[in-house]
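What follows is a short report on a single structure.
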Amino acid sequence: MLIPNYGCGNLASIVRMINWVGGDAVITSKASDLAVADKIILAGVGAFDHGMSGLCDGGWIDALNEAVLVRRVPILGICLGMQLMCKTSEEGTLPGLGWIDAEVGRFKLEQDSSLKIPHMGWNTVSVTKENPIICSDQEEQRFYFVHSYHVICNQPNDTLAIAHHGYDFTAAFSHENIFGVQFHPEKSHKFGMALMKNFVEL
Amino acid sequence: MLKHRLIPCLLLHNGGLVKTQKFSNPKYVGDPINAIRIFNEKEVDELVVLDISASKEKREPNYELIEQLAGECFMPLCYGGGIRTIEQARTLFGLGLEKIALQSAALEDLSLLTKIADQFGSQSVVASVDVKKNWLGKHKLFRSSSGKTSTQTWQDFIRQAVVAGAGEVMLNAVDRDGLMQGMDIDLIKEASSNVPVPLIAVGGVGCLADIKAAVGAGASAVAAGAFFVYQGPHRAVLITYPNYQELENLLKESA
């Protein structure tokens, strides 16, 4: 399993959790390495355009397209990584990878809302479709979120789980071999561990 | 629904874990790695670790120790103490931290806060604000590195820090620190109604009702030290953390 290091955020804790659940993750700074990846995690925090230009400058985009769209390697996008898989973002002007028919928009809360942005902390998610990464038979699944923008899927069936912050939004999506989660499984104790283990064992 | 976070706030001093009272008299309470391992097992919401001597001694963060601490955390970890440059911040994020808390550097110049927010996102920078009452009972902005109050108002400093890019504000009532006799609810109320980003209230938690009161006053999160490391009237060291259901029941009506 490879984790592209394109200059956006905290990869050490993801490696640590993957290895903890029995996987074997390696951080790579060379896009050409993806040719032999059998799984990929696209992680990252920060601004959308910063992420896309990081992918572009490192020559990652063609390598990712080849691995994900041609070889159909399972890929998990985390936080900004999930958002980069969409077509566009309100946060930036660069186009996304465009693998998922979705846009990224800022939280739009009522003026008088006491809710804060970023949406930061532990929230419960509800699973909306059968999927191999989040188990839906447990009573409550909770994960750690930190984000100001969220994914808006155009194909309702791509949404895998929703969470609520002012309104329901897509907390996770999947489309064939492509998975994305807005929260941080690597920082979500046993819930995140279970998800990562499921992804490792896909 | 987003949950209110309950955060153990651990203090480092000479490589050990300590607990202070009113920011003085640090008492040794144990080995930091061991403590973090226990908090991880207890599935705490998040952890804050502050090196209380780094800025005073004009010392860099203890990277080796921080890396070991981060290695034990399957939850978000925030570190503060002695951070003065963007390079130090980059090194720390590389070790596996989610957040950095700034106080001394931010009180001198807010540009470091802005630089970190620009490069790593505002969710990764916490403005650590200490407030102490003066002899007239007025809340004053406090500089923990010098032990003196500032002429700038605490409200003004928070406002500027948020504009500069702080994604969260950690507000500590110095007079309540370590006493376990309740939080400064008026302070929390005033701060939460004026801070557009999440507010972490610190200082004085002695029981679950204190946490509930702070959440009722508008805190997004409550952090505590003594409450999680001491047990009983003689302050015996024992690491505890309320279980999930207990917290759920406690905070259900406050939401």
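What follows draws every value from the coordinates through simple rules; no lab data is involved. Since this is a predicted model, take the numbers as computed values, not measurements. Please note: Cβ atoms are built from the backbone with ideal geometry, for glycine as well, and neighbour counts cover all protein chains shown.
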Open item on the list: If you scale each eigenvalue of the Cα gyration tensor by 5 and take the root, what three semi-axes come out for the range B:110-216, rounded to whole angstrom and sorted largest first?
Closed with: 23, 17, 12
Task: 5 Å binning of all Cα-Cα separations within the range A:158-202, expressed as whole percents from 0 upward - done: 6, 20, 25, 28, 15, 5, 1
Task: chain B, relative contact order [Cα under 8 Å, separation at least 6], % - done: 17 percent
Task: With eigenvalues of the C-alpha gyration tensor scaled by 5 and rooted, the range B:169-233, Å - done: 20, 10, 10
Task: Debye-sum result for chain B in log10 I(q)/I(0), which assumes one identical scatterer on each alpha carbon, at q = 0.09, 0.17 Å⁻¹ - done: -0.34, -1.43
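From the gyration tensor of the Cα coordinates in the range B:24-172, what semi-axes in whole Å does the equivalent ellipsoid have, largest first, with each one equal to sqrt(5λ)?
Numbers: eigenvalues 125, 72, 40 Å².
Sorted largest first and rounded, they come to 25, 19, 14 Å.
Could you give the dipole magnitude of the range A:1-118 about its Cα centre, charging the beta-carbon of Lys and Arg +1 and that of Asp and Glu -1, in debye to the nearest 20?
Here the range A:1-118 has a charge dipole of around 280 debye.
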Task: For chain A, share of DSSP beta bridges that run antiparallel, in % to the nearest 5 - done: 65 percent
TODO: Kindly provide the trypsin sites (Lys or Arg not before Pro) of the range A:115-178 that DSSP labels as loop, not H, G, I, E or B, and whose Cβ sees at most 10 other Cβ atoms within 10 Å.
DONE: none
TODO: Return a single number: how many Lys pairs in the range B:67-225, at a sequence separation of 8 or more or on separate chains, have alpha-carbon atoms below 18 angstrom apart.
DONE: 11
Open item on the list: How shielded is A:5-11 by partner chains, expressed as the average number of their Cβ atoms within 10 Å of its Cβ atoms?
Closed with: 3
- [ ] Could you work out the mean count of beta carbons from other protein chains within 10 Å of each residue's beta carbon in B:72-78?
- [x] 6
Open item on the list: Averaged across A:43-54, how many Cβ atoms of other chains sit within 10 Å of each residue's Cβ atom?
Closed with: 2
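As a check on your grasp of the helix formula, calculate [θ] at 222 nm for the protein assembly as shown: sum -39500 (n - 2.57) over DSSP H runs of n ≥ 4, divide by the residue count, round to the nearest 500.
Working: 15 runs with 127 residues, N = 457.
The helix contribution divided over the protein assembly as shown gives -7500 deg cm²/dmol.
What order do you get for A:107-114, B:58-65 when each peptide is scored by the mean count of other beta carbon atoms within 10 Å, highest first?
Details: A:107-114: 10.5, B:58-65: 14.9.
Final packing ranking: B:58-65, A:107-114.
Could you check what % of the DSSP bridge pairs in the protein assembly as shown are antiparallel, to the nearest 5?
Working: 41 of 85 bridges.
Given both bridge residues lie in the protein assembly as shown, the antiparallel proportion sits at roughly 50 percent.
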Task: 25 Å Cα-Cα reach of A:Lys87 towards lysines, excluding residues that sit fewer than 8 places from it in its own chain - done: A:Lys30, A:Lys39, A:Lys108, A:Lys129
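Taking the Cα centre of the range B:1-66 as origin, work out the dipole magnitude from +1 charges on Lys and Arg Cβ and -1 charges on Asp and Glu Cβ, in debye rounded to 20.
It works out to roughly 340 debye.
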